[in-house]
Each structure stands twice: as structure tokens, then as C-alpha cells.
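Colleague: Got a structure for you, written out below as C-alpha cells; questions coming shortly.
What follows draws every value from the coordinates through simple rules; no lab data is involved. None of these values were measured; they are calculated from a predicted model. Glycine gets a Cβ as well: all are built from the backbone with ideal geometry, and neighbour counts include every protein chain shown.
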Amino acid sequence: MTDRNQLRTVLYVDDEPDIREIVEMALGLIGNLAVSTCASGEQALKVIPTLKPDLVLLDVMMPAMDGPTALGRMRADTTLPVIPVIFVTAKAMPQEIAHFRELGAAWVIAKPFDPMELGKQVLMAWEGIGHQ
Amino acid sequence: MIEKRAAMREQINQLAAKFLRRCSQDVGSLRVLLERLRIGDAAAFKELEYLAHRLSGTGALLGFESIGTCAAAIERLAEAQEGNTTPDQKVTERLTEYTARLEEEIGLRALKLSASSPLP
């Protein structure tokens with residue numbers, strides 16, 4: 001894995017503080033990975049231009065702006081680089097996953113996930129979306 | 001790495017205890033929403049769905065599968081009412097039953113937790 005393709009920064013967006021805390025801890029188990037979190041899609045859209053994360057993990061069901069809307073807004077903003085987005089959701093039936101992929105999600109991680117295994121899942125997804 | 005994982009398990013246990021304490025308040029909020037359905041306020045379905053979604057997602061993630069399952073049943077039923085302008089009495093009754101089951105599960109899990117690690 002070259003430096004250019006190494007996963008270094010992740011932004012996790014979820015309105016649930018407990019889940020944000022768990023994800024921060026879980027991804028903290030991966031060495032050399034900086035993890036930031038946001039409580040809403042709106043907040044994420046504000047920090048992404050300066051944070052420029054390698055990868056964004058988005059909860060699907062959030063009040064005010066849900067994950068798919070936030071992804072749509074990210075893609076509509078031509079000043080932003082195309083950052084891969086993974087949806088983290090309980091809606092992970094095959095037809096739901098296909099729908100999220102059509103919306104532009106690079107990957108889908110099903111909730112509930114095992115916190116001890118989340119890091120591996122994210123790294124696997126990162127490799128799977130062509131950054132190995 | 002082993003220490004980090006052990007610390008994480010400990011933190012998850014602490015979050016789980018906090019979550020269970022908050023759950024009782026959330027059940028209270030669910031009951032308020034059920035009352036709103038009884039008086040014909042169909043907008044309460046969306047709020048029920050969202051609150052149940054939170055309980056289901058966080059509960060399951062913290063290892064409370066039975067709480068997650070009960071809350072998911074409430075979420076699905078409330079979600080299926082989208083577009084209904086008048087709450088159906090039978091649906092409200094079923095939601096009330098699911099909420100009672102959820103409360104029971106929360107009580108059982110809280111009891112188990114306090115038996116395994118008594119609060120000071």
C-alpha cells in the first residue's frame with residue numbers, strides 16, 4: 001500500500017452520541033488513522049471542505065438532513081473532491097444496498113456492527129473501493 | 001493493542017449502563033407519543049419512528065438485542081403508517097403492546113446489569 005492510498009482521515013457522521021463515541025473508539029484501534037465526528041449532515045458539509053477526509057461514513061437516518069441528502073449535496077458541490085462515502089445503516093437488505101449504491105455510496109456497512117470488528121470492515125471497504 | 005481493546009470494552013460497558021438509564025425516559029416519551037396518536041395526531045408516527053430507530057440502533061450496538069428487536073418492531077410499524085392522516089386504533093394498540101414489551105425488556109436488562117455490577 002502506497003502512502004498516497006493509505007487511509008489516514010475518516011469523518012463519521014451520526015446524530016447518536018453513543019454511536020459516535022463507539023465508532024471513534026473502534027476506528028481508533030487502527031494505527032495512524034485520524035477520526036473526526038459530526039452530529040449532522042449539515043455540520044458535515046461545513047467541515048468537509050477544510051477537513052478533506054479520505055473517507056466519509058454517513059448514518060442514513062438522521063433528522064433534518066439524512067445521509068442520502070448529505071451525499072447528494074456533497075456531489076453537487078463541484079468545489080469538493082469526490083470523497084468516497086460509506087453508508088452505515090440498519091437498512092441493509094440487498095435491495096436497500098442496491099438503492100444506496102445507485103445514489104452513489106461506495107459501500108454499505110450494516111448496523112448493528114461489532115465495534116471490535118468495525119476497523120477491519122472499514123479497511124476492507126477502503127480496499128474494496130479501489131484504494132489498495 | 002490488547003490494552004486498547006480492553007479499555008474499549010470497558011467504555012462500551014459504561015455506555016451500556018448509561019443507555020439503560022436513559023431508556024426509561026425514552027419509554028416515557030414513547031407513551032406521550034402514543035397518547036397523541038389516541039387523540040388523532042398522526043404526526044406522532046414520525047416521532048415514534050425516529051425515537052424507536054434510535055433505541056433500536058444504539059441498543060443493538062451495545063449488545064441489547066432484545067431491546068433492539070422490540071424497538072425495531074415499533075419503528076417498522078410507525079414507518080408503515082407514513083401518509084396516514086388519521087391514526088388507526090388497532091395500530092395504536094399494537095404500538096402500545098410493543099412499547100410495554102420494550103419496557104419489560106429494559107427492566108430485565110437493567111436488573112441483570114445491576115446484579116452483575118451493583119451501583120454504588
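Colleague: Taking amide H positions as placed 1.01 Å from N in the peptide plane, with prolines and chain starts having none, which residues 5 or more places from A:I109, or on another chain, fall under 5 Å of its amide H?
Modeller: Amide H to amide H, under 5 Å and 5 or more residues apart or across chains, A:I109 pairs with A:F87, A:V88, A:T89.
Colleague: A 31 angstrom limit on the alpha carbon distance is what I want to check against. Which of A:K120/B:K18; A:K52/A:K111; B:K4/B:K46; A:K120/B:K46; A:K46/B:K112; A:K52/B:K18 exceed it?
Modeller: Beyond 31 Å: B:K4/B:K46; A:K120/B:K46; A:K46/B:K112; A:K52/B:K18.
Colleague: Quote to one decimal, in nm, the extra length available between B:E3 and B:V32 on full extension: 0.36 nm per residue of separation minus the C-alpha distance between them. Present the calculation step by step, with values, prior to reporting the outcome.
Modeller: On the way: separation 29, 0.36 × 29 = 10.44 nm, distance 4.37 nm.
Taking B:E3 through B:V32 to full extension adds about 6.1 nm, to one decimal.
Colleague: Positive end of the dipole of the protein assembly as shown, charges at C-beta (+1 Lys, Arg; -1 Asp, Glu), about the Cα centre: which of B:F19, A:G67, A:M25 has its Cα farthest in that direction?
Modeller: Checking the options against the dipole of the protein assembly as shown, the answer is A:M25.
Colleague: Suppose each label sits 7 Å from its Cα in the direction of the beta carbon; what would the B:T69-A:D77 distance come out to in nanometres?
Modeller: Placing both labels 7 Å beyond Cα along the Cβ direction yields 4.2 nm.
Colleague: About the Cα centre of segment A:9-125, what is the dipole size in debye to 20, counting +1 per Lys and Arg Cβ and -1 per Asp and Glu Cβ, all else neutral?
Modeller: For segment A:9-125, the charge dipole is close to 380 debye.
Colleague: Could you size up the charge dipole of the protein assembly as shown around its Cα centre, putting +1 on the beta carbon of Lys and Arg and -1 on that of Asp and Glu, and report it in debye to the nearest 20?
Modeller: That gives the protein assembly as shown a dipole magnitude of about 360 debye.
Colleague: Distance from the Cα centre of segment A:64-108 to that of segment B:55-94, in angstrom?
Modeller: 24
Colleague: Do any GluC sites (Glu not before Pro) in segment A:45-132 lie in a DSSP loop with no more than 15 other beta carbon atoms within 10 Å, and if so, which?
Modeller: Those satisfying the criteria are A:E117.
Colleague: Please report, in debye to the nearest 20, how large the charge dipole of chain B is about its Cα centre when each Lys and Arg carries +1 at its beta carbon and each Asp and Glu carries -1 there.
Modeller: 460
Colleague: How much net charge surrounds A:I19 when only other residues with a Cβ under 10 Å from its Cβ are counted (Lys, Arg +1; Asp, Glu -1)?
Modeller: Taking every other residue near A:I19 into account, the sum is -4.
Colleague: Whole-Hz Karplus ³J(HN,Hα) for segment A:115-124, in order, using 6.51 cos²θ - 1.76 cosθ + 1.60 and θ = phi - 60°, x for Gly and Pro?
Modeller: x, 6, 10, 4, x, 4, 4, 5, 5, 5
Colleague: Any idea what Rg and Dmax come out to for segment A:9-125 if you just take the C-alpha atoms, in Å?
Modeller: Both quantities, over Cα of segment A:9-125: 13.0, 36 Å.
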